[in-house]
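Reading through the structure tokens given below for one structure.
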Amino acid sequence: MDLETLLSYDWGVMAPEFIILGVATILSIVDLFAPKHFNRRILGWIGLAGILAALASLFNLAGLEATSILYETFRLDSFAKAFKILLLIGSALVMLIAISYEPKEGMQEYKGEFYYLFLTGLLGAMMMSSSGDLITLFVGLELLTISSWILAGIRKKHLPSNESAMKYVVNGGISTAITLFGMSYVYGITGTTNLMEMGPTLAQLANSQYLYILALSFFMIFIGLSFKLATAPFHMWAPDVYQGAATPVTAFLSVVSKTAGFALLVRIIIVVYLSTPAGTSGLSAMTPLLVSLQDYIAFLAGATMIIGNVVALRQRNIKRLFAYSSIAHAGYLLVAVTALSAFMFDALWFYLGAYLFMNVGAFAVIQIMTGSSDREDIGEFAGLYKRSPILAVSMAVFILSLAGIPGTAGFIGKLNIFMGALITEPAHYVLAAVMIATTVVSYFYYFGILTQMFFRPAASMEKINIPIGLVIAIIISVAATILFGILPNIGFDFLHTNFNGFVDLLQ
């Protein structure tokens, strides 16, 4: 590629990625040369400013039509822009939590890495959202994964952190190999790594034997990504990693990594496996195959919801409880993927946005409550209402939203997914019933936290000091959870007005 070709590209579509890359590079250089007594928390504020600058540049690109550069390996379309907004907002809130994180086991010497590894992981997630090619998709996936591995084990003197990082690396390596193996089958059949060229190529295949290989590739990619999403039965790593990792890292894995994983999964399924170009009939034989595959996805969605909610009933460690809660919510999102309804994108985007605010807010409160004592038992929340009424009410809002109580964003998100499962033909009645039943089960462990906060005596009446970063994160999360619960059309109108309802995903 010559210089003239490089200059011909519209590099402005990658402005958010360039900002994150530049800030991460600056932070790494400053951290390398700054003296030991230098307050590394300043790097966190610089990182937050970089995320907000990237978000502003992304809003500036909102009206731009779908654009591809670098031989269509990088694609900025409505789908990418909508999910990048979630990734950047989630990362900004997580960065606020990270800035206020003060570990007990002594990792001050790694505080600089702590911040710019967040940014490299975010960069990988953003690349995944805009990938138009299997190669860039895999590079983005690995950039996010490797950064997450290091973040999970960055507390070198903390044994649970070491254990979680080891399990994460082993499971992550296996899932990466399976995903790459599935991608190799798709490449072998189509002869291209470009996602937009795969659909037309598959439409011209007359040999039905290719469908078996294509189905095998689908299962391998889906299973590999299921490890990333922590869906059953590939969820084994999540509870240990969530418990052992630092609280900001747990929030990052729960929100940013999950959002990127679903963005990647949906893009591959829609562009490669469900795209039927007009005027071709060769792909018609694939349609019954993919419809039948919905039953397998539905089974995994049901198993994920059941396992996540039922096992959470026995958890006393608050971070393990939220790990199984995260698994259950991945199951709810899989219901939307299974249904493939007309408003699947809207339901996924809104639910991931609602989950972002209520989960990050909950982890901010968890960090406040577990930071001083370094204990993560649910009993740490006992008597919180008497010690800090505002903090207790804020946590109650997040819990009610996670449980799907009306008046919260979580309820609207679940309602959209539930309705999407019923409007398809044939309707997924069993899956919708499982979703309702498991949601009711979740009330037991969610309301157990509320019982501790409002009806149990406090072991100590010591005043709770809340750092400014956590105050900002909690206020934003509470406001968004209530706002989108009462006025959900604000989110949907914003999506349809600025991102054209994802219609250019296949164009």
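The values are calculated or read from the model by the stated rules, or taken from the named source; none is laboratory data. Keep in mind that what you see is a predicted model, and the values were worked out from it rather than measured. Note that each Cβ is placed from the backbone with ideal geometry, even for glycine, and that neighbours are counted across all protein chains shown.
Among the residues of region 205-234, the ones that are touching a Ser or Thr at 6+ places or on another chain (Cβ under 7 Å) and not in a helix (DSSP H, G or I) come to 4 in all.
Scanning region 354-366 for residues that are touching a Phe, Trp or Tyr at 6+ places or on another chain (Cβ under 7 Å) and either farther than 20 Å from Phe252 by Cβ or surrounded by fewer than 20 Cβ atoms within 10 Å (Cβ to Cβ) (or both) turns up nothing. What about Ala362, is it at pLDDT 90 or above and either over 27 Å from Leu88 (Cβ atoms) or among the hydrophobic types (A, V, I, L, M, F, W, C) (or both)? Considered against the rule, which asks whether it is at pLDDT 90 or above and either over 27 Å from Leu88 (Cβ atoms) or among the hydrophobic types (A, V, I, L, M, F, W, C) (or both), Ala362 comes out as yes. Within region 354-363, can one find any residue that is part of a loop (DSSP other than H, G, I, E, B) and either without any contact (Cβ under 8 Å) to a residue 24 or more places away in the chain or within 24 Å of Ala301 (Cβ to Cβ) (or both)? There is no residue in region 354-363 that is part of a loop (DSSP other than H, G, I, E, B) and either without any contact (Cβ under 8 Å) to a residue 24 or more places away in the chain or within 24 Å of Ala301 (Cβ to Cβ) (or both).
Screening Ile306 on (1) under 20 Å from Phe343 (Cα atoms); (2) surrounded by fewer than 20 Cβ atoms within 10 Å (Cβ to Cβ); (3) at pLDDT 55 or above shows it passes everything except condition (1).
Is it the case that Lys386 is farther than 21 Å from Val471 by Cβ and assigned to a helix (DSSP H, G or I)? Considered against the rule, which asks whether it is farther than 21 Å from Val471 by Cβ and assigned to a helix (DSSP H, G or I), Lys386 comes out as no.
Within region 173-198, residues that are in contact (Cβ under 8 Å) with a residue 12 or more places away in the chain and of a type outside the set (Val, Ile, Thr) sit with their Cβ atoms under 7 Å from residues that are surrounded by fewer than 17 Cβ atoms within 10 Å (Cβ to Cβ) and outside any helix (DSSP H, G or I), at 6+ positions apart or across chains, in these pairs: Asn194/Glu72; Met196/Glu72; Met198/Thr192. Spot the failing condition for Met95; the list is (1) in contact (Cβ under 8 Å) with a residue 40 or more places away in the chain; (2) surrounded by fewer than 18 Cβ atoms within 10 Å (Cβ to Cβ), and only one is missed. For Met95, the exception is condition (2). The listed residues are Ala62, Ala80, Ala54, and the only one of them that is within 24 Å of Leu264 (Cα to Cα), in a loop (DSSP other than H, G, I, E, B), in contact with a helix residue (DSSP H, G or I) (Cβ under 9 Å, 6 or more places away or on another chain) and aliphatic (A, V, I, L, M) turns out to be Ala62. Of the residues making up region 384-396, one or more are modelled with pLDDT of 90 or more and surrounded by 24 or more Cβ atoms within 10 Å (Cβ to Cβ). Given the conditions (1) within 24 Å of Gly132 (Cα to Cα); (2) modelled with pLDDT of 85 or more; (3) of a type in the set (A, V, I, L, M, F, W, C), report the number of the one that Ile99 does not fulfil. So Ile99 meets the others, but not (1).
Would you confirm, using the coordinates I've provided, whether Ile466 is surrounded by 14 or more Cβ atoms within 10 Å (Cβ to Cβ) and under 26 Å from Ala303 (Cβ atoms)? When the stated conditions are applied, Ile466 does not pass them. When Thr481 is tested against the conditions (1) closer than 20 Å to Ser91 by Cα; (2) among the hydroxyl-bearing types (Ser, Thr, Tyr); (3) at pLDDT below 90, the lone failure is (3).
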